[in-house]
1. Please list, ordered by residue number, the strands (runs of 3 or more DSSP E) wholly in segment 326-387 having 1 or more residues that are open to solvent by 30 Å² or more (accessible area, probe 1.4 Å) and in contact with a strand residue (DSSP E or B) (Cβ under 7 Å, 6 or more places away or on another chain).
2. For the structure I just gave you, tell me whether residue 60 is under 38 Å from the mean Cα position of the chain (by Cα) and under 29 Å from residue 163 (Cβ atoms).
3. Among 199, 233, which is hydrophobic (A, V, I, L, M, F, W, C), farther than 30 Å from residue 432 by Cβ, out of contact with any Cys (no Cβ under 9 Å at 6 or more places or on another chain) and in contact (Cβ under 8 Å) with a residue 40 or more places away in the chain?
4. Give segment 126-158 a look and list any residue that's among the aliphatic types (A, V, I, L, M), out of contact with any Asp or Glu (no Cβ under 8 Å at 6 or more places or on another chain) and assigned to a strand (DSSP E or B), or say none.
5. Every residue in segment 548-565 that is more than 13 Å from ligand 1 (Cβ to nearest atom) and open to solvent by 10 Å² or more (accessible area, probe 1.4 Å), please.
6. Do the conditions hold for residue 91, that is, is it at pLDDT 90 or above and under 19 Å from residue 155 (Cα atoms)?
7. What do you reckon, is residue 257 open to solvent by 10 Å² or more (accessible area, probe 1.4 Å) and either within 16 Å of ligand 1 (Cβ to nearest atom) or under 30 Å from residue 367 (Cβ atoms) (or both)?
8. Restricting attention to segment 432-441, does a residue exist that is at pLDDT 90 or above, in a loop (DSSP other than H, G, I, E, B), closer than 22 Å to residue 217 by Cβ and of a type outside the set (Asp, Glu)?
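The values are calculated or read from the model by the stated rules, or taken from the named source; none is laboratory data. Quick caveat: nothing in here was measured; it's all calculated off a predicted structure. Quick reminder, even Gly has a Cβ in these numbers, built from the backbone with ideal geometry, and neighbours come from all protein chains shown. All accessible areas refer to the heavy atoms of the entire protein, side chains included, with ligands and DNA or RNA removed. Shrake-Rupley method; radii C 1.70, N 1.55, O 1.52, S 1.80 Å.
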Amino acid sequence: MDLTSGVEELKGVGPKKAEILKRAGIKTLRDFFYNLPREYESFQMATTIAAMRPGKVVVKGKIDSLSTRRARRRNLSITEGVVRDNTGAVKVVWFNQAYRAKQFDPTKEYYFTGNYELKNNRYQLSSPAAALVTDIDPEAGINPVYKAHGTLKSYDFKKLMNGARDKFSAIPDLLPTVRAGVRKDALFRVHFPNSIADATRAREYLAYEELFALILAAKLNRRENDKLKALPAKFDAEKIRAFVAKLPFRLTNAQRLAAWEIFQDMERDIPMNRLLQGDVGSGKTMVAALAAYEAVLSGLQVALIAPTAILANQHFEGLAALLEQFDIKVALLTGATKKKPELKRRILDGEVDVVIGTHALLTDDTEFKRLGLVVIDEQHRFGVGQRQKLALKSPAGLAPHLLAMTATPIPRSLQLTVFGDLDVSVLNELPAGRQPIETSILTEVDTKERLYPKIAATMTLPPDAKGLAKGSRAKGQQIYWICKAIDDSTVSEATSVKTRTRKLQQAFPRAKVEFLHGKMKPAEKDDIMERFARGEIDILVSTTVVEVGVDVPTATFMVIENADSYGLAQLHQLRGRVGRGASKSYCVLLTSGDTKPSMRLREIAKSSDGFHLAEIDLKIRGPGEIYGALQHGALDLRIASLSDTKLIHRAQADVELFLQTGKNVLEYKELAAGISKYQQLTTLN
Ligand code: ADP
Ligand code: MG
């Protein structure tokens, strides 16, 4: 048996089930075995209704009074019933599980396993799983519960797993460092445990394997990077000092330290592979400018890539003005660039020193003479393949130095594992004089009475002179208003960009209100952004296209409509568009008010520290999801918890021991396959 075989090989899986499984991401036997139970329930812990305490409970009883109704708002069905035993009765509620209304025989006894909790001032049993008492072997011990996918319920997964019992013995070992057979034993125990403790031990072993592979991948990458050759850039203290003296502000200590680390990396003839992490507004671009200057001084070309044209434009405007004072040729290459062939020829001939651009930089016909430094802004927006494409544009046999910048902080716990072997610089301080952004949560119905007056007031506040962009005509401070949708639609209640623009224009007839969204032509977008930066637009209603990087220091007020529909990291990024100058900035999170503000919103209102918020996000969502969003799904830790530092340390130590034996990973087929997906994740070059 091969773990890479398709799920069709399983007993009871025909084309239809195979399709459902595949859609759920369970394609191979490996996926199938690693589809671990979501939780375990034990019918031995069943209590009577009278003895139930809030939290997870198992009760045995009969059910009646079943009915299903539609919720008034939203696309939701609610099925309710009453479970009784001879000590009492409890209301049960399921959401969007209308089949429950017809599932039960009122004369038979069932086990109900669910959450006993207070809702609307009344205790209820929420979304319980149910099993016929006569179906459960009283000796069965504990019962694994699998996540349902489509029509495949937990029960179906259990049945499939049962049919695959004889396949476990053929599961190959993964780690060469542990007793043979531990892996298959652990997987078997996770699916067929004798006790909760049994299952927990088995899971812990699987988590350890996962961390081992991840850490090994990171370490091997490091070794491979260090075998590559790069063009060194010599550190020129005098010229750098003169450059810094020309800046309109003092560098923060964090910026100095990061630049110094980068200069040291670039002096070597192996490629730099550094991640520059800094919260929104911490001044990463200036650090990149220093690195670029240093590279050009040594005759290297620099490519800076950004995820959007707006951002590339803005970098170009800022950096060209700065670098051209030192006779450095800077060019912009985006989809909208005119005379591309001419520009590309100049890049190839080495007439251009620094090229700033978007994905347009990645095309095969964009060739460099001596590309020595690649800067990737908002690196999480780029896939591994895209980053590699740029790296390949260096002269044959050489790799460029690479500086990847991100404002999405990587939680410390992730750093310990994935990035333990990646060089990281952190900008942990904001430029002097910044004030924290005051964030509040407001319900939509209060928009006119409580929000509009603040908008009006903002437009009368004098903009901070230091923050004014070149040629600025701003009369007052400016506002970003973020909407979910571009147009009105029948499926969503969200106010669209266009409708909101109209409403704001009506409410503030003397203000200049404009909108921006991703479907506009690049030239139009740039035009709007430029006019906003110059202060010719008072209120910019936009989708999240303004999310990354955009820097307009005179904008001091942000409204995020439908705030509940965004993730924590995204809200933090969006909010980072304000608070970029010396004036006090505000962010208002608008919610429907139907439900209590989510934990996410409450956290974001409390803190403006991106690193802290990343830790919280990791707790709320789990590593797979947070990192998945960051890295195009490359990191998929199913079992290990990144908060388990003890296990992480153990895996790290064992990986070291393994590497010291000098054994070649490629000799271990399973292990080599296991780490390849993680390897992609941790190489930048
Ligand atoms: P981010 O790290 O989010 O990319 P930027 O590089 O866009 O931040 O910088 C945010 C703003 O701070 C810019 O207007 C920039 O000119 C300014 N800035 C950068 N460094 C400093 C500094 N040391 N002192 C004052 N302002 C600075
Ligand atoms: Mg930036």
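1. Ranges flagged: 330-333.
2. no
3. From the options 199, 233, the qualifying one is 199.
4. 130, 131, 152
5. Answer for segment 548-565, where residues must be more than 13 Å from ligand 1 (Cβ to nearest atom) and open to solvent by 10 Å² or more (accessible area, probe 1.4 Å): 562, 564, 565.
6. no
7. For residue 257, the condition - open to solvent by 10 Å² or more (accessible area, probe 1.4 Å) and either within 16 Å of ligand 1 (Cβ to nearest atom) or under 30 Å from residue 367 (Cβ atoms) (or both) - is met.
8. no
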